[in-house]
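Colleague: Below: one structure in structure tokens.
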Amino acid sequence: MSMADFSPSFEAVLLNEGGYKLTTVQNDKGGQTYAGITRRSNPNWLGWAAIDAGGRPEAQLVRDLYRGKYWDAVRGDELPQKVAASLFDFAVNAGAKTAVKLAQLVVGVTPDGEIGPVTLKALNSVSPEVFVSQFAVAKIARYRDICMKDRSQSKFLLGWINRALLGVA
């Protein structure tokens, strides 16, 4: 079984995050965001210095943050491409620990938010197509719960659902 490649997954996530743009969206809990990187979650990211000085951070800074904080956290290099891509995208959207816990629930292992040998084996044993479909349903249920608790987040629901369905055949 061939393992996943970071580059196509990174390009897909960057597209999902709107590319290399600086945004501040009302009611977005992440606050100011550049290329999907939120200042609230990543206050010490080196790219903020360039932005605060009126410039643009180097693309490599974006790539390095995504690889270190999200791809490596979900052990993307050790998973099938479809599984890694889906898990990585959700880690960027919801945080690595949340993404891993949800994936663990989908594959039937204890949801501790860490990919150890048991989780790794389970993720590599499931059909990638089945995992991606079941993971999409779990993500959509989570988004529904977020909107039920906080109606201000409902404006993001359709986008979240569409994103969750990416890659589902």
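The values are calculated or read from the model by the stated rules, or taken from the named source; none is laboratory data. Note that the structure is a prediction, hence the values are computed from the model and not measured. Virtual Cβ from ideal backbone geometry, glycine too; neighbours counted across all protein chains shown. Surface accessibility is based on the protein's heavy atoms, side chains included, excluding ligands, DNA and RNA. Shrake-Rupley method; radii C 1.70, N 1.55, O 1.52, S 1.80 Å.
Colleague: Quick check: residue separation of residue 148 and residue 44 times 0.36 nm, minus the Cα distance between them. What number comes out in nm?
Modeller: On the way: separation 104, 0.36 × 104 = 37.44 nm, distance 3.20 nm.
Gain on stretching residue 148 to residue 44: 34.2 nm.
Colleague: Using only Cα atoms, tell me the angle between helix 81-94 and the longest principal axis of the chain; keep it within 0 to 90° and round to the nearest 10.
Modeller: Tilt relative to the chain: about 50 degrees.
Colleague: Next question, about the same structure. Below 18 Å Cα-Cα, how many Lys pairs turn up in the chain? Only count pairs eight or more apart in sequence, or on different chains, if you could.
Modeller: Eligible lysine pairs with Cα atoms under 18 Å apart amount to 16.
Colleague: Something else: In whole Hz, with x marking every Gly and Pro, tabulate ³J(HN,Hα) for segment 106-112 from phi via Karplus 6.51 cos²θ - 1.76 cosθ + 1.60, θ = phi - 60°.
Modeller: 5, 8, x, 10, 4, x, 10
Colleague: If you keep only loop residues by DSSP, which GluC sites (Glu not before Pro) in segment 52-142 have at most 12 other Cβ atoms within 10 Å of their Cβ? Mind showing how you got there, number by number?
Modeller: Working: sites: 58, 78, 114, 129; in loops: 58, 114.
Listed in order of number, the matching sites are 58.
Colleague: Still on this structure, I have one more. Filter the chymotrypsin sites (Phe, Trp or Tyr not before Pro) in segment 43-108 to those in DSSP coil with at most 12 other Cβ atoms within 10 Å of their Cβ, and list the result. Mind dumping the intermediate values first?
Modeller: Values: sites: 45, 48, 66, 70, 71, 88, 90; in loops: 45.
Taking segment 43-108 and a limit of 12 other Cβ atoms within 10 Å, no loop chymotrypsin sites (Phe, Trp or Tyr not before Pro) are found.
Colleague: Residue 11: net charge of surrounding residues, Cβ under 12 Å, Lys/Arg +1, Asp/Glu -1, itself excluded? Write out the running numbers ahead of the final one.
Modeller: On the way: positive: 63; negative: 5, 17, 89.
Surrounding charge for residue 11 is -2.
Colleague: Once fully extended, how much extra length lies between residue 118 and residue 23, figured as 0.36 nm per residue of separation less the alpha-carbon to alpha-carbon distance? Working shown, then result.
Modeller: On the way: separation 95, 0.36 × 95 = 34.20 nm, distance 3.89 nm.
Full extension of this stretch gives 30.3 nm more.
Colleague: From the helices alone, meaning DSSP H stretches of at least four residues, give me the mean residue ellipticity at 222 nm for the chain, per-run term -39500 (n - 2.57), in deg cm²/dmol to the nearest 500.
Modeller: Working: 8 runs with 90 residues, N = 169.
For the chain, the value works out to -16000 deg cm²/dmol.
Colleague: For segment 1-151, max minus min Cα coordinate along each principal axis, in Å, sorted largest first?
Modeller: On the principal axes, segment 1-151 reaches 48, 38, 23 Å in Cα extent.
Colleague: In whole percent, and with a 1.4 Å probe on the protein chains, what portion of the accessible area of the chain is carbon and sulfur?
Modeller: 57
Colleague: Where does segment 63-113 land on the Kirkwood hydrodynamic radius, alpha-carbon pairs, in angstrom? Walk me through the numbers before you get to the answer.
Modeller: Numbers: mean 1/r = 0.0941 Å⁻¹.
Over segment 63-113, the inverse of the mean reciprocal pair distance is 10.6 Å.
Colleague: When the chain is treated as a GNM, springs tying every alpha-carbon pair under 10 Å, which of 94, 53, 141 comes out with the largest mean-square fluctuation?
Modeller: Result: 53 has the largest fluctuation of those listed.
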